[in-house]
Amino acid sequence: MINALKIVFTILLVWMIHVVISTSLESNLFAEWDFLGSIPWMRATLWDFYTNALIIYLWIFYKESGVLAKIIWFLLMFFLGSIASCAYILIQLFRLKPGQGLRDLFVKKHV
């Protein structure tokens, strides 16, 4: 199961990096911001995104013991979104020792 999750989150991470880079080359978010902000579904999507980012960050906040790590992951989550969340989960998956499972992934804190 852990190996399958590593594959899935690696694919998701690579895909999101591709989507962000290719979209950035095609369109400047800051130049389009006024137009995008006027679209109700765009505002709803942003609220949805930041709500999910906060939920995932609360898990990261629980898992990480260092203040600096908590601050860095907060910034990464809110500026990079799913790229950061995929990277965080991949890091956690690769930190697991043989024999550890999903319970260790989700519950075990870093000290």
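Laboratory data are not the source of any read-out in this text; all were calculated from the coordinates shown. This is a predicted model, so every value here is computed, not measured. Using ideal geometry, Cβ is built from the backbone for each residue, glycine included, and neighbour counts are taken over all protein chains shown.
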Whats the longest run of the chain with zero trypsin sites (Lys or Arg not before Pro) that are DSSP loop and have at most 14 other Cβ atoms within 10 Å?
-> 1-107
Taking Cα extents along the principal axes in Å as the quantity of interest, determine which of (1) 50, 28, 22; (2) 55, 43, 32; (3) 41, 33, 26 was computed from the displayed structure.
-> (1)
Pairing the Cα long axis of helix 67-80 with the longest principal axis of the chain, what angle in degrees results, from 0 to 90 and rounded to the nearest 10?
-> 40
Could you give the nm distance between label points at VAL20 and LEU96, where each point is 7 Å from its Cα heading toward the beta carbon?
-> 2.4
Using label points projected 7 Å from each Cα along Cα→Cβ, tell me how many nm separate ALA69 and LYS109, to one decimal.
-> 1.1
